[in-house]
Amino acid sequence: FLLSDYNYTMGKKIEIKKIADAKARQVTYAKRKKSLIKKAREISVACGIDLVLITFSPTKRGRSTKFCSMKRFK
């Protein structure tokens, strides 16, 4: 599995890059955070795996959000 700087949307190749505006970057992070946690939960259940997800917000404070599928680490 390799990370790419490009993503395919509806058959078109688009470049993935850092959002320049700090406010827009924070808004995007806030909107996508729930979806990311939902997908982590789904793959954990579907594949029967233990999964840990830790994200840090793009602000200077860098608040963390954690998701763990293993009850013993919650």
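The values are calculated or read from the model by the stated rules, or taken from the named source; none is laboratory data. None of the values given here were measured: they were computed from a predicted structure. Reconstructed Cβ throughout: ideal geometry from the backbone, glycine too, with neighbour counts over all protein chains shown. Surface accessibility is based on the protein's heavy atoms, side chains included, excluding ligands, DNA and RNA. Shrake-Rupley method; radii C 1.70, N 1.55, O 1.52, S 1.80 Å.
For region 52-70, what are the residues that are of a type in the set (A, V, I, L, M) and over 16 Å from LYS34 (Cβ atoms)?
The answer is VAL52, MET70.
For residues that are in a loop (DSSP other than H, G, I, E, B) and open to solvent by less than 90 Å² (accessible area, probe 1.4 Å), scanning just region 32-54, find the one that is nearest to MET70 (Cα to Cα).
LEU51
Can you name the condition, by its number, that ALA20 falls short on among (1) outside any loop (DSSP other than H, G, I, E, B); (2) out of contact with any Phe, Trp or Tyr (no Cβ under 9 Å at 6 or more places or on another chain); (3) modelled with pLDDT of 85 or more?
Here ALA20 meets the rest and fails (1).
Can you give me the number of residues within region 55-72 that are free of Cβ contacts under 8 Å to residues at least 24 places away in the same chain and either open to solvent by 100 Å² or more (accessible area, probe 1.4 Å) or assigned to a loop (DSSP other than H, G, I, E, B) (or both)?
Selection size over region 55-72: 9.
Which pairs turn up if I take residues in region 17-31 that are closer than 18 Å to SER64 by Cβ and look for partners that are open to solvent by 90 Å² or more (accessible area, probe 1.4 Å) with beta carbon separation below 9 Å, at least 6 apart in sequence or on another chain?
So the pair list comes out as ARG25/LYS18.
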